[in-house]
Amino acid sequence: MAFPVHRPRRLRRTEALRRMVRETELRPSDFIYPLFVVEGRGVRKPVPSMPGIDNLSVDLAVEEAKRARSVGVASVILFGIPGHKDPRGTGAWADDGIVQKALRALRDSVPELQLLADVCLCEYTDHGHCGVIHGGDVDNDQSLPLLARMAVSCTKAGADIVAPSDMMDGRVGAIRTALDEAGLSGTPILSYAAKYASGFYGPFREAAQSTPQFGDRRGYQMDPGNVREALKEVALDLEEGADMVMVKPALSYLDVVTRVKERFDVPVAAYNVSGEYAMVKAAAANGWIDGPRVMMEILTSIKRAGADLILTYHAVEAAELLDS
Ligand code: PBG
């Protein structure tokens, strides 16, 4: 039966009605907040292309994590920016590496916060690639033990979850085996399973100082035209032992989020990446869009598409808004 018996507008008449029938609602605990940690004390270095996001020394990262926790954000993901880079990225698994120091400090000072460690070599290598270079190219198999070492080192320093973002083949299996052998079989892996070679990572690379010094990442990150390949990547990572999977970036890949969610019975995360954040901030600063409104609409769209978890630089701001 159609109009005039059915009038969908009836359920949109008041805010109370709209609320009652709303299908997707955000919670602060949906968000995972990225933190960029640098050496030093009292260091707060703004990232120009990401207004509101700073490179923080460990002491200030602890303060920022407390602020996030106080508005209901339950998890943070850490990215380390080491003082020294080398060809193998040895800072990634150093006992006194920047991420390891941050993990220990956060573990001690904000015990109820869940800590994720991004596992990748690109912030630690002088060439900026996500693995080691051999014969002018990223060597997949030689990179695996190094990534595994980083995962174990971060877990020992206090990470609750490790999140490999390098896109080498076989790294989830290598990390799972290494964790198990180190007696860390209880540590879950959230794999960046479908990570695309994206122009939306620009601001992150400014923040993390991880722009490749030659070439690009198209030889290991996925081609933007592919979705079947994303499903294959997810299936392989799950076979290798991933507990949760991620699609990245989020907005241009919401169809991928939905397809992954429909096909696989595991928690799905989506990364609302730096370029997506920068666009909102830039347009809002110009008065071209209503920033907070667009932020909430974007985050809602990512959850509606099927994401159980959203990695986002908006986490604290959005949680504050939800709180008020
Ligand atoms: C590291 C890594 C990247 C991001 C997360 N982990 C960047 C890259 O692949 O260059 C991007 C996050 C963002 O843009 O917000 N491999």
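Read the figures in this text as sums done on the coordinates, not as results from a lab. These numbers come from a predicted model, not from an experiment. With ideal geometry, Cβ positions are generated from the backbone for all residues, glycine too; neighbour counts draw on all protein chains shown.
Ranked highest first by average number of other Cβ atoms within 10 Å, how do 103-116, 270-283, 7-20 line up?
In decreasing order of mean packing, 103-116, 270-283, 7-20 become 270-283, 103-116, 7-20.
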Practice task
Please turn the phi angles of segment 16-26 into ³J(HN,Hα) values with the Karplus equation 6.51 cos²θ - 1.76 cosθ + 1.60 (θ = phi - 60°), one per residue in order, whole Hz, x for glycine and proline.
Solution key: 4, 5, 4, 5, 4, 9, 5, 8, 10, 10, 7
Practice task
Would you mind checking which residues have amide H under 5 Å from Val71's amide H? H placed 1.01 Å from N; only 5 or more apart, or other chain.
Solution key: none
Completion exercise
Quick calc: nm separation of the 7 Å Cα→Cβ label points for Ser109 and Glu23 -> 4.3 nm
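Assuming 0.890 mPa s and 25 °C, estimate D for the chain with Stokes-Einstein, Rh taken as the Kirkwood radius over Cα pairs, in µm²/s.
Values: Rh = 20.2 Å.
My calculation gives 121 µm²/s for D.
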Handout entry: Expected-Rg normalisation [2.2 N^0.38 Å, Cα atoms] applied to segment 1-146
Key = 1.52
Practice task
Search the structure for amide H atoms under 5 Å from the amide H of Asp54, placed 1.01 Å from N in the peptide plane, and list their residues when 5 or more places away or on another chain.
Solution key: Val47
Practice task
Assign unit charges at the C-beta atoms only (+1 for Lys and Arg, -1 for Asp and Glu), then state the dipole size of the chain relative to its Cα centre in Debye, rounded to the nearest 20.
Solution key: 1440 debye
Fill in the blank from the handout: Residue-normalised 222 nm signal for the chain, counting each DSSP H run of n ≥ 4 as -39,500 (n - 2.57), nearest 500 deg cm²/dmol, is -12000 deg cm²/dmol
Exercise for the section: Output the pairs from Lys85/Lys303; Lys101/Lys281; Lys156/Lys195; Lys156/Lys232; Lys281/Lys303; Lys45/Lys303 with a Cα-Cα distance over 29 Å in this structure; if there are none, say none. Expected result: Lys85/Lys303; Lys101/Lys281; Lys156/Lys232; Lys45/Lys303
Completion exercise
Measuring from the longest principal axis of the C-alpha atoms of the chain, the long axis of helix 58-70 (C-alpha) lies at a number of degrees, nearest 10, equal to 30 degrees
Exercise for the section: For the chain, find the longest principal axis of its Cα atoms and tell me its angle to the long axis of helix 274-285, 0 to 90°, nearest 10. Expected result: 50 degrees
Problem - Unit charges at the beta carbon, dipole of segment 1-159: most positive-side option, Asn55, Gly80, Cys122 - result: Asn55
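Contact order normalised by length for segment 92-187, with contacts defined as Cα pairs under 8 Å and 6 or more residues apart; what percent is it? Kindly include the intermediate steps, with their values, before the conclusion.
Values: 142 pairs, mean separation 30.4, N = 96.
Relative contact order of segment 92-187: 32 percent.
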Completion exercise
Sequence order, segment 308-320: Karplus ³J(HN,Hα) from phi using 6.51 cos²θ - 1.76 cosθ + 1.60, θ = phi - 60°, Hz rounded, Gly and Pro as x, gives 7, 9, 10, 7, 7, 6, 7, 3, 5, 4, 5, 5, 4
Problem - Rg/Rg_ref, segment 190-246, where Rg_ref = 2.2 N^0.38 Å and atoms are Cα - result: 1.26
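Hey, what's the per residue convex hull volume over the C-alpha atoms of segment 273-324, in cubic angstrom?
Details: hull volume 4.1 nm³, N = 52.
Value for segment 273-324: 79 Å³ per residue.
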Handout entry: Nearest-ten-degree value, helix 291-305 long axis tilted from longest Cα axis of the chain
Key = 80 degrees
Practice task
Quick one: which residues, 5 or more positions from Val273 or on another chain, have an amide H under 5 Å from its amide H? H modelled 1.01 Å from N in the peptide plane, none for Pro or chain starts.
Solution key: Ala250, Leu251
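Need one number: % antiparallel among DSSP beta bridges in the chain, to the nearest 5.
Restricted to the chain, the bridges split so that about 15 percent are antiparallel.
How high is the FRET efficiency between His84 and Val5 when r is their beta carbon distance and R₀ equals 56 Å, given to the nearest 0.05? Each step should come with its number before you reach the end.
Numbers: r = 72 Å, r/R0 = 1.28.
Efficiency, from the Cβ-Cβ distance: 0.20.
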